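Notes for the one structure printed next.
The values are calculated or read from the model by the stated rules, or taken from the named source; none is laboratory data. Keep in mind it's a predicted model, so treat the numbers as computed, not measured. Here the Cβ is made from the backbone with ideal geometry for all residues, glycine too, and neighbour counts use every protein chain on show. Just the protein is used for accessible areas: all its heavy atoms, side chains included, with ligands, DNA and RNA removed. Shrake-Rupley method; radii C 1.70, N 1.55, O 1.52, S 1.80 Å.
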Amino acid sequence: NIPGVWYILGSALRLTVALGLHTESVNLTFDPFTTEMRRRLFWSVYSLDRQICSYFGRPFGIPEESITTKFPSLLDDAQIIMTDQGDVSSAEIDYSGDYDYSISSKIIAISMFKVRRIQANIVKVLYAPNSELPREFENIEQWRSKTLQDLDSWYLDDVPKNSQSMNCSFNTFVFDLNYHYSKIVLYGLSPKCPSLTDISFNIVFESTKGTIDVFHNLCITKKLSYTWVAVHNIFMTGMTYLYVIYYSGETVLKDE
């Protein structure tokens, strides 16, 4: 569509920056309810920006270094209320503090925000022309190993596993697709890694196969929407899957 989602999203992100939604120090000048809404709005736009820019291969709309806004609260919305006391600031009451969280569907959004940050880090290090490896890592393989640990930790600990933990019937295939997609981008071909090691071949093979399995399940259960993103994922995954089988020799087939 004209002007396109990338342009529309860019305008939305510019507005969030103009409003200071990305800065926690600005958010805390508002009442607690408004601060919570500002956090939700920023991270929603952020998540969309990271997803779309990654798929289009374009620079992010805001650098990670400029973001200080906290994640939204997991408190039940019944406990997040407006106040008539104009002198009550978020510094005194912060909904993102340590509370006894009730089961909430907002855990889905928080999980997606976290994986978008991981994905943004992967794209920045491997694809940005002038990016540098973080100083705490000696080489690219050490960094990839740590990033894979972060990704596995997210999938095991932060992703809700059933409808009880989410308090809704959200389809968890979205988490599976993002998990596999992240591993493919992390260990696949990139400007910083123009060839694949044996470890890379195996990880990419498992992740592309996992992605295909998810889409196959969505297809047979008639839950697959043929959006641009879905078709793009299917095409790129299929091509990568065939590439790995063709060029890996016996590397990915010896355990099959």
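Convex hull over the alpha-carbon atoms of the range 1-67: what's its volume per residue in Å³?
Values: hull volume 5.2 nm³, N = 67.
Convex hull of Cα atoms, per residue: 78 Å³.
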Positive-end residue of T197, F175, P72, charge dipole of the chain with Cβ unit charges
T197
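What chymotrypsin sites (Phe, Trp or Tyr not before Pro) does the range 190-237 have in DSSP loop regions with at most 12 other beta carbons within 10 Å? Spell out each step's value before the answer.
Details: sites: F201, F205, F215, Y226, W228, F235; in loops: Y226.
Those that pass, being in a loop and sparsely packed, are Y226.
Determine Rg/Rh for the range 125-199; Rg is computed over alpha-carbon atoms and Rh is the Kirkwood hydrodynamic estimate from the same atoms. Write down the numbers at each step before the final one.
On the way: Rg = 15.4 Å, Rh = 14.3 Å.
Using only Cα positions, Rg/Rh for the range 125-199 is 1.08.
Give me the net charge of S190's neighbourhood, meaning all other residues with Cβ under 14 Å from the Cβ of S190; Lys, Arg count +1, Asp, Glu -1.
Working: positive: K124, R144, K183, K192; negative: E141.
Local charge sum for S190: +3.
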Ignoring ligands, DNA and RNA, please state the percent of accessible area on the chain from carbon and sulfur, probe 1.4 Å.
58
What distance in nm separates the two pseudo spin-label positions at D150 and S25, each 7 Å out from Cα along the beta-carbon direction?
2.4
Cα centroid distance between the range 112-144 and the range 11-27, in Å?
24
How much length is gained if the chain between H216 and N171 is pulled fully straight, taking 0.36 nm per residue apart and subtracting their Cα-Cα distance, in nm to one decimal?
14.7 nm
Env charge @ P63, Cβ radius under 15 Å, K,R +1 / D,E -1, value +2
Simple spin-label estimate for H232 and R14 in nanometres, 7 Å along Cα-Cβ
2.1
Structure shown: which of K183/K223; K70/K161; K70/K223; K114/K161; K70/K209 lie over 27 Å apart, alpha-carbon to alpha-carbon?
K70/K223; K70/K209
Under the classification rounded if a/c is under 1.5, otherwise prolate if a/b is larger than b/c and oblate if not, where does the range 118-247 fall, given a ≥ b ≥ c as square roots of the Cα gyration tensor eigenvalues?
oblate
With each pseudo-label sitting 7 Å past Cα toward Cβ, what's the I199-Y7 distance in nm, one decimal?
4.4
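Of all trypsin sites (Lys or Arg not before Pro) in the range 157-256, which ones are in loop regions per DSSP and have a Cβ with at most 16 other Cβ atoms within 10 Å?
Passing both the DSSP loop test and the Cβ count: K161, K192, K222, K223, K254.
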So what are the three principal axis dimensions of the range 179-256 from its Cα atoms, in whole Å, longest to shortest?
36, 30, 20
Which length gain, in nm to one decimal place, applies between K124 and F137 when the Cα-Cα distance is subtracted from 0.36 nm times their residue separation?
3.2 nm
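Which of the chymotrypsin sites (Phe, Trp or Tyr not before Pro) found in the range 1-75 are in a DSSP loop and have at most 11 neighbouring Cβ atoms, other than their own, within 10 Å? Don't skip to the answer; put the middle values down first.
Working: sites: W6, Y7, F30, F33, F42, W43, Y46, Y55, F56, F60; in loops: F30, F60.
Filter output for the range 1-75: empty list.
With only alpha-carbon pairs counted, each pair once and no self-pairs, how large is the Kirkwood hydrodynamic radius of the chain in angstroms?
Working: mean 1/r = 0.0495 Å⁻¹.
Taking every pair of different Cα atoms in the chain, averaging 1/r and inverting gives 20.2 Å.
Per residue, how much accessible area does the range 119-256 show when a 1.4 Å probe rolls over the protein heavy atoms, in square angstrom? Mind showing how you got there, number by number?
Details: 8100 Å² over 138 residues.
With all protein chains present, the range 119-256 gives 59 Å² per residue.
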